[in-house]
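See below for the structure under consideration.
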Amino acid sequence: MIAELVRHSIAEEQHMYPAARKHLPDGDEVADHEIEEHAEAERVMNDLIGLEPTDKRFDELVGKLIEDVRHHIEEEESDLLPKLQAACSPEDLRDLGEKVLRAKAIAPTRPHPAAPDRPPANRILAPGTAFIDKIRDALANRDT
Ligand SMILES: [Fe+2]
């Protein structure tokens, strides 16, 4: 669940939010808001990965994560995506879709400890990378 959400964040932060900034009059505001929601979800996931499923906080955090992500999806599907669809040409939309799918497919698998977590630097250096590596380390340590 966490790996899939992080791959989603990486793809959007690399391609969709820059497209929003470029094509929408209020794109900076929208992108900053969505990135802040990603950061909040990352904070919850960060708390979650250190817990055993039997921990009493586990269900509470999973519930919060589900609630936060549903809100985020609702907002993007009812606001950001329709605005982008209206503002972009079919070619731009196809190109954007291909970039997002490609970014999800090649999500980082190697440590990149210097990757920043906040804009604008996370749009330049591989966003989400340090977080993914932290998750992988945590999961690997649980198996040993
Ligand atoms: Fe998102």
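Listed values, structure above:
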read-out: Cut-off 9 Å between beta-carbons: net charge of the residues surrounding E12, Lys and Arg +1, Asp and Glu -1; value: -3
read-out: Accessible-area order (highest first, 1.4 angstrom probe) of the listed residues R94, R21; value: R94, R21
read-out: Point-charge dipole on Cβ atoms (K/R +1, D/E -1) for segment 1-63, about Cα centre, debye to 20; value: 220 debye
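The values are calculated or read from the model by the stated rules, or taken from the named source; none is laboratory data. Quick caveat, the model's predicted, so the values are computed rather than measured. Note that we place each Cβ from the backbone using ideal geometry, even for glycine, and neighbour counts take in every protein chain shown. When the accessible area is computed, the model is the full protein with side chains, heavy atoms only, and any ligands, DNA or RNA have been set aside. Shrake-Rupley method; radii C 1.70, N 1.55, O 1.52, S 1.80 Å.
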